[in-house]
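So the structure is just underneath, and the comments pick up after that.
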Amino acid sequence: MLFKTSITYRKKTLLKLLIAIEKHEEEINQALYNDFKKPEFESYLTETYFVLSELKLTIKNINKWAKPKMVFPNLVNFPSTDFVYSEPYGKVLIIAPWNYPFHLALLPLVSAVAAGNQVVLKPSELTPATSKLISKIVGEVFEKNHVEVIEGGIEVSQDLLAQRWDYIFFTGSVTVGKIVAKAAAEHVTPITLELGGKNPCIIDEKANLRLAAKRIVWGKFINAGQTCIAPDYLIVHKKVKIEFIKNLKEEITLAYGENPEISSDYCSIINEKNWLRITKMMEGQKVIFGGKSNKKGFFISPTIIDEPSLESLVMREEIFGPILPIIGYETENDLEQLIQNYEKPLALYVFSTNTCFNKKIIQKFSFGGGCINDTLIHFSNHRLPFGGVGHSGIGAYHGKKSFDVFSHKKAVVKKANWLDNQIRYAPYKNKIKWLKKILNWF
Ligand code: NAD
């Protein structure tokens, strides 16, 4: 049986969730620290704050968003009043990744509940402390047949995907995204896929180099580079490359000190598998900064690699770690050739004070979203859609768009009875001339 909810009930439970998250804030920080040594500052900024702000926005606007919207009627149907109803899909499955384990599990959950759905959430098995806490918080707030957290790994995920759902919202890798899409196709289930890719970051000769370096270091090494929209590789104009690298090195040292391994502001890599995967990417490369790693504590220092070959591992795969490869370019044609080697990225960044150049780059390449003269921050504006294109994903969410993602938009025309234009009814004899006149008149 579907668990049906009134707007009042949804609002009440979302408010309860908000209070519970505020109450458990310390525990959330601790869980994230236990899972991968996440600093408290980053836990608040990139996890708790996002969920709280989405909750506040949703609670404030849910009545307005859920209300049937009257749209301008089509004059051909005169007289009528036309509406769009937001209807819950029904049973929603949310599968979340580990890299922002609290935020990426709860953000879609908030909107799925707001839109009136029944939800099953599967958080990542790679962040057990956070997943356990999510399960506890959700258990405190929701009825089990309304929202349920099912913890577990790949097998649990596969079992869930084998069931029939009315909507699936998946965040994770492209490889698993394809598995999700196949499973969804079995029941023609609509999906959102929030995936990854290789995000280019262009530094033009006219960039403010110091500021660009500061903002790139922040966007790349926050969460130790384990961010789906982190700049994956830099493409720097050859005229400014040496100076830019000097700025990058200085900014990394300013942020994390001479020994990032003892910095309390720097995360660890999530597990041994990923630590091995990332350290392998440094092998045989021209490491010009960092390059230190320690299996104990799964540490990898912020690392810069100069001019890796396009065939190397670091340039073939999504890095998803604290390694920053730099490639020099001279012409816009060089840029195009490099970027078009890859599938459409989730994010693209361009740094320049040349407005025409920025505009050209934004228009030339297809990507999920991005910034001019900054990194990551497009994510934070709930008025901007967040999602990928091509291999980086299907669909977008955040703010009102998230509510819409989890609502079927039902179109209804309410026709009046006081007038009934006869022209559309058979027999059609001698009517086509009038039909054309009427249709083309509007
Ligand atoms: P993942 O695809 O390995 O796992 C994501 C979820 O899918 C987990 O809950 C996991 O248990 C489940 N899963 C894993 N293998 C499965 C399988 N074979 N069948 C069914 N379910 C399976 O991703 P991850 O390692 O947790 O996260 C990293 C990836 O996610 C990166 O590629 C990153 O770019 C992407 N990502 C994207 C976004 C976004 O918003 N677009 C955000 C964060 C991460």
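The table below gives the values:
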item: Unmet criterion (only one of (1) more than 7 Å from the ligand (Cβ to nearest atom); (2) in contact with a Phe, Trp or Tyr (Cβ under 7 Å, 6 or more places away or on another chain); (3) of a type in the set (A, V, I, L, M, F, W, C)) for VAL120; result: (2)
item: Output for the stretch 179-203, where each listed residue is part of a loop (DSSP other than H, G, I, E, B) and in contact (Cβ under 8 Å) with a residue 12 or more places away in the chain; result: HIS187, THR189, PRO190, LEU195, GLY196, GLY197, LYS198, ASN199
item: Test for SER309: is it more than 16 Å from the ligand (Cβ to nearest atom), touching a residue at least 12 places away in the same chain (Cβ under 8 Å), assigned to a loop (DSSP other than H, G, I, E, B) and not charged (D, E, K, R); result: no
item: Breaking point among (1) surrounded by 22 or more Cβ atoms within 10 Å (Cβ to Cβ); (2) under 19 Å from the mean Cα position of the chain (by Cα); (3) not β-branched (Val, Ile, Thr), for GLN118; result: (2)
item: Qualifying positions in the stretch 36-56 - more than 18 Å from the chain's Cα centre (by Cα) and in contact (Cβ under 8 Å) with a residue 40 or more places away in the chain; result: PHE36, LYS37, LYS38, PRO39, PHE41
item: Odd one out for ILE304, checked against (1) touching a strand residue (DSSP E or B) at 6+ places or on another chain (Cβ under 6 Å); (2) surrounded by fewer than 19 Cβ atoms within 10 Å (Cβ to Cβ); result: (2)
item: Residue within the stretch 222-231 that is within 16 Å of the ligand (Cβ to nearest atom), among the hydroxyl-bearing types (Ser, Thr, Tyr) and not in a loop (DSSP other than H, G, I, E, B) present; result: no
item: Residue in the stretch 179-200 that is away from the ligand (no atom under 11 Å from the Cβ), closer than 19 Å to LEU348 by Cα and at pLDDT 95 or above present; result: yes
item: Qualifying residue in the stretch 248-268 (condition: in the same structural domain as GLY328 (by TED's automatic domain parsing) and either touching a Leu at 6+ places or on another chain (Cβ under 6 Å) or within 14 Å of the ligand (Cβ to nearest atom) (or both)); result: no
item: Count - residues of the stretch 137-178 that are touching a residue at least 24 places away in the same chain (Cβ under 8 Å), away from the ligand (no atom under 15 Å from the Cβ) and either out of contact with any strand residue (DSSP E or B) (no Cβ under 9 Å at 6 or more places or on another chain) or more than 18 Å from ASN117 (Cα to Cα) (or both); result: 3
item: Residues of the stretch 94-149 satisfying the condition of being among the small types (Gly, Ala, Ser), over 20 Å from THR58 (Cβ atoms) and assigned to a loop (DSSP other than H, G, I, E, B); result: SER124
item: In the stretch 248-265, the residues that are within 18 Å of ILE288 (Cβ to Cβ) and either modelled with pLDDT under 95 or outside any loop (DSSP other than H, G, I, E, B) (or both); result: LEU248, LYS249, GLU250, GLU251, ILE252, THR253, LEU254, ALA255, TYR256, PRO260
item: Residues that are within 30 Å of THR58 (Cα to Cα), among the basic types (Lys, Arg) and part of a helix (DSSP H, G or I), drawn from the stretch 390-438; result: LYS400, LYS401
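Every residue, every condition in (1) over 22 Å from GLU318 (Cβ atoms); (2) assigned by TED's automatic domain parsing to the domain that holds ASN223; (3) modelled with pLDDT of 95 or more, yes or no:
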{"residue": "GLU336", "(1), (2), (3)": "no, yes, yes"}
{"residue": "LYS344", "(1), (2), (3)": "no, yes, yes"}
{"residue": "LEU348", "(1), (2), (3)": "no, yes, yes"}
{"residue": "ASN354", "(1), (2), (3)": "yes, yes, yes"}
{"residue": "PHE357", "(1), (2), (3)": "yes, yes, yes"}
{"residue": "ILE361", "(1), (2), (3)": "no, yes, yes"}
{"residue": "GLY399", "(1), (2), (3)": "yes, no, yes"}
{"residue": "ALA426", "(1), (2), (3)": "yes, no, yes"}
{"residue": "ILE438", "(1), (2), (3)": "yes, no, no"}
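The values are calculated or read from the model by the stated rules, or taken from the named source; none is laboratory data. This one's a predicted model, so the numbers in the text were calculated from it and none came from an experiment. Quick reminder, even Gly has a Cβ in these numbers, built from the backbone with ideal geometry, and neighbours come from all protein chains shown.
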